[in-house]
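Undergrad: Shown below is the structure under consideration.
The values are calculated or read from the model by the stated rules, or taken from the named source; none is laboratory data. Treat the numbers as computed from the prediction; the structure is a model and nothing was measured. Don't worry about glycine lacking a Cβ; one is built from the backbone with ideal geometry, like all the others, and counts go over all protein chains shown. To get the accessible areas, we keep the full protein, side chains included, count just its heavy atoms, and leave off ligands, DNA and RNA. Shrake-Rupley method; radii C 1.70, N 1.55, O 1.52, S 1.80 Å.
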Amino acid sequence: MSDKTMTVEEVVGQLRSGMTLGIGGWGSRRKPMVLVRALLRSEITDLTVISYGGPDVGLLAAAGRIRRLVAPFATLDSIALEPHFRAARERAAFALTEYDEAMFMWGLHAAANRLPFLPVRAGLGSDVMRVNPELRTVTSPYGDGEELVAVPALRMDAALVHLNRADRLGNAQYLGPDPYFDDLFCEAADAAYVSCEQLVETAELAKAGPPQSLLVSRHSVTGVVETPNGAHFTSCAPDYGRDEAFQKLYASTPWPEFSARFLSGAGEHDYQLAVRTWHEEQQ
């Protein structure tokens with residue numbers, strides 16, 4: 001079995017402009033922020049981003065890296081609407097494909113199972129069909145003849161996810177209250193990269209939580225990177241909660257000012273240092 005450990009820079013080195021990129025997590029919860037910040041330090045752009053959107057979407061949108069976003073929402077959870085996403089949409093900075101949450105989930109399932117689409121009831125009778133005129137319906141081939149929405153597969157060139165623990169083979173584990181569909185993101189992508197709070201031996205994964213917490217299997221993972229505090233400022237329960245004070249700063253600060261202070265460094269160490277310095281200034 002191969003060692004799949006990589007550096008953050010090596011992960012981003014596998015990505016290219018124009019890709020369809022999936023980003024796991026949910027809103028402002030367990031987002032692979034260290035990898036998103038590394039993307040911002042690269043020249044990669046023109047991305048189609050598939051995400052249960054949070055600050056990952058906000059950062060990439062504010063930096064002008066998104067060509068199209070496919071998402072059911074973009075939220076910071078405790079702040080209802082991601083403000084940098086909103087600002088980018090208001091200036092028509094990128095195209096948006098907005099699905100109902102259930103439609104989005106079944107699009108992931110379809111891609112993970114290598115199906116072209118999956119039929120769902122969600123979306124019927126709603127404006128989802130009006131704002132997405134490319135969507136099609138299918139009729140059940142059985143006696144009921146029911147009309148259903150044919151949700152297209154959300155296939156990705158690459159996926160980025162963040163979990164609590166992982167081993168060097170690519171098996172990864174969540175320890176918080178929700179898996180956030182990260183397994184589907186990995187299985188729906190041609191390549192999947194897992195950042196984690198801590199790399200451990202495989203045997204330690206079985207001790208840390210129940211079998212169902214071993215969410216991501218090595219067969220769907222291309223690379224794994226250890227990134228303590230790598231989901232900041234989103235939550236990564238139970239390792240840490242969301243940095244609400246910093247999130248409020250992010251949400252209320254003009255993008256050029258926020259980017260210059262926190263994202264202009266040479267690497268993740270500079271970001272973490274800038275955050276610590278800011279917190280010290282608030283005391």
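Undergrad: Which count do you get for residues in region 215-257 that are part of a loop (DSSP other than H, G, I, E, B) and not aliphatic (A, V, I, L, M)?
TA: 16
Undergrad: Still on this structure: Taking the conditions exactly as written (modelled with pLDDT of 95 or more, farther than 14 Å from residue 27 by Cα, among the hydrophobic types (A, V, I, L, M, F, W, C) and open to solvent by 30 Å² or more (accessible area, probe 1.4 Å)), does residue 94 satisfy them or not?
TA: The answer is no for residue 94.
Undergrad: Also: Scan region 34-74 for residues that are within 22 Å of residue 14 (Cβ to Cβ), assigned to a strand (DSSP E or B) and either at pLDDT below 95 or open to solvent by less than 40 Å² (accessible area, probe 1.4 Å) (or both) and jot them down.
TA: Let us first name the residues in region 34-74 that are within 22 Å of residue 14 (Cβ to Cβ), namely 34-51, 56-57, 59-60, 63-70.
If we keep only those that are assigned to a strand (DSSP E or B) as well, we get 47-51, 66-70.
Within region 34-74, 47, 48, 49, 50, 51, 66, 69, 70 meet the criteria.
For every residue, the table says whether it meets (1) among the charged types (D, E, K, R); (2) over 15 Å from residue 84 (Cα atoms); (3) in contact (Cβ under 8 Å) with a residue 24 or more places away in the chain.
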site	(1), (2), (3)
13	no, yes, no
17	no, yes, yes
20	no, yes, yes
23	no, yes, yes
33	no, yes, yes
41	yes, yes, yes
45	no, yes, yes
50	no, yes, yes
57	no, no, yes
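Undergrad: Another question, then. Only one of these is open to solvent by 10 Å² or more (accessible area, probe 1.4 Å), out of contact with any Ser or Thr (no Cβ under 8 Å at 6 or more places or on another chain) and within 28 Å of residue 78 (Cα to Cα): 228, 211. Name it. Talk me through it step by step, then tell me what you get.
TA: Numbers: 211 fails: within 28 Å of residue 78 (Cα to Cα).
Answer to the selection: 228.
Undergrad: Right, something else. Looking at region 99-114, which of the residues that are farther than 14 Å from residue 148 by Cβ and surrounded by fewer than 17 Cβ atoms within 10 Å (Cβ to Cβ) is modelled with the lowest pLDDT?
TA: Among those residues, the one meeting the criterion is 101.
Undergrad: Additional query: Checking residue 260 against (1) surrounded by 15 or more Cβ atoms within 10 Å (Cβ to Cβ); (2) in a helix (DSSP H, G or I); (3) not charged (D, E, K, R): exactly one of these is not met. Which one?
TA: (1)
Undergrad: Further, regarding this structure: Tally the residues that are in a loop (DSSP other than H, G, I, E, B), of a type in the set (D, E, K, R) and open to solvent by less than 20 Å² (accessible area, probe 1.4 Å), restricting the search to region 160-206.
TA: Residues meeting the conditions: 1.
Undergrad: Here is a further query. Yes or no: region 117-139 includes at least one residue that is touching a residue at least 24 places away in the same chain (Cβ under 8 Å), of a type outside the set (Gly, Ala, Ser), touching a helix residue (DSSP H, G or I) at 6+ places or on another chain (Cβ under 7 Å) and open to solvent by less than 20 Å² (accessible area, probe 1.4 Å).
TA: yes
Undergrad: If a residue must be open to solvent by less than 10 Å² (accessible area, probe 1.4 Å), at negative phi and not in a helix (DSSP H, G or I), how many such residues does region 22-33 contain?
TA: Qualifying residue count for the region: 6.
Undergrad: Checking residue 85 against (1) crowded, with 16+ Cβ neighbours inside 10 Å; (2) at pLDDT below 95; (3) under 18 Å from the mean Cα position of the chain (by Cα), which test does it fail?
TA: Failed condition: (2).
Undergrad: Which of the residues that make up region 120-159 are of a type in the set (A, V, I, L, M, F, W, C) and part of a strand (DSSP E or B)?
TA: Within region 120-159, the first condition is being of a type in the set (A, V, I, L, M, F, W, C), and the residues that meet it are 120, 122, 124, 128-129, 131, 135, 138, 148-151, 153-154, 156, 158-159.
Residues satisfying the conditions are 120, 138, 148, 149, 150, 151, 156, 158, 159.
Undergrad: On the basis of being aromatic (Phe, Trp, Tyr) and open to solvent by 30 Å² or more (accessible area, probe 1.4 Å), does residue 278 make the cut? Can you show your working first?
TA: Values: aromatic (Phe, Trp, Tyr): yes; open to solvent by 30 Å² or more (accessible area, probe 1.4 Å): no.
Spelling it out, it is not the case that residue 278 is aromatic (Phe, Trp, Tyr) and open to solvent by 30 Å² or more (accessible area, probe 1.4 Å).
Undergrad: Moving on to the next point. Report yes if residue 77 is open to solvent by 10 Å² or more (accessible area, probe 1.4 Å), in a loop (DSSP other than H, G, I, E, B), more than 23 Å from residue 275 (Cα to Cα) and at pLDDT 95 or above, otherwise no.
TA: So residue 77 fails the test.
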